[in-house]
């Protein structure tokens, strides 16, 4: 059972969930705590490799290279002369070539979507903290049955900021402390960009998809 602790108290995340969850959801406290822990571990992985993704121009260059290569290979396969195509078909199977062309086209299309969504100017976005907050917002909505929000300000206003803010405090990833206190203004601005979830199943699918090494987290 995850026993994540706040930096400011001895209360653990599981203590908070068991106390604050609606009665219908309390038997799922460990499930939600595990999902929160996974989101925190994902933040730590992103934070450790910050230099790899911080420069958005480099990220866009990589995506455009993928677009160029996939488009070129797909076109080359489609333009094969009949002799070479028959030879390749006999060696690896015609269905595999068609499948590969389809995958290349899919990869090109999704890389193009990511390219258009990737930041093009301005101050770099801290995607590690952004995705962590939004993933916890999805978990909160599924656990508590209402949209997350924060209110209040100042160091002595933690209780007035609400349950979602308290959950964030209790769930801070190991490498998050160096960024200082959670900004209510920043959290509120992130929540305004969030797409509401339809169900618990949607939340689980989104959190797991974005945590997969092969996933494609949405850019902002």
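All of the numbers you see were taken from the coordinates with simple rules; none came from a lab. Keep in mind the model is a prediction, meaning the values are calculated, not measured. Cβ sites come from the backbone with ideal geometry, for glycine too, and all protein chains shown count toward neighbours.
Structure summary
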read-out: Fewest-first sequence of 193, 184 by Cβ atoms within 10 Å of each Cβ; value: 193, 184
read-out: Neighbour-count ranking [beta-carbon atoms within 10 angstrom, fewest first] of 51, 115; value: 51, 115
read-out: Least to most buried among 54, 132 (fewest other Cβ within 10 Å first); value: 54, 132
